[in-house]
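Let me give you the structure first, and then I'll get to my questions.
Every number in this text was worked out from the coordinates using simple rules, so none of it is lab data. In this text the structure is predicted, and so the values were computed from the model without any measurement. Note: ideal-geometry Cβ built from the backbone for every residue, glycine included; neighbour counts use all protein chains shown.
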Amino acid sequence: MREPPEGFVQRLKSTCGSDWNVLWNDLLGRWQFDSLSAGGKVVSQFWGWYKDQHGNPLEPDPVTGLYPFRDLDLTAQDEAIRNLQKTYIGKTGYGLIDWNKFQKSNIAYNQAVMQQRAKRRATLFADLIREMDIRRPWLKHHSGSKAERRVALSSS
């Protein structure tokens with residue numbers, strides 16, 4: 001079994017969080033980055049080459065979905081750390097937060113926005129009703145029985 005480069009796991013944990021780990025996956029023949037998701041479940045990411053020598057994107061293997069093997073040399077380590085800092089939702093830039101509270105605050109905010117919109121629409125509708133003139137001939141010609149409507153039409 002292969003071991004990750006010396007000091008890389010400590011660097012990864014100090015940069016991305018103590019939940020991170022790197023190990024060699026014998027079955028896939030790739031470096032596997034393990035971390036906890038925002039939901040608290042372990043997720044794995046596999047490291048490979050994503051661009052060729054000219055910077056053009058590479059296509060993953062159609063059968064496995066994996067990109068070509070890439071070893072963890074010093075430039076690959078730096079690139080992996082940089083990439084994980086940019087893309088990981090639990091990165092240290094967010095600080096230590098409780099995701100349950102974070103989700104509840106988002107839900108409360110969205111509900112407040114929806115209530116404000118409903119109140120604004122109701123106020124607009126009430127203003128329109130208040131401004132409407134109910135003394136229109138339409139009311140006179142469209143209320144009551146047919147006989148009364150004919151009388152109203154013929155008398156006007």
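Over all pairs of distinct alpha carbons, what does the Kirkwood formula give as the hydrodynamic radius of the stretch 8-95, in Å?
The Cα-based Kirkwood calculation yields 13.9 Å.
Net charge around Glu59, counting only other residues with Cβ within less than 12 Å of its Cβ (Lys, Arg = +1; Asp, Glu = -1)?
-1
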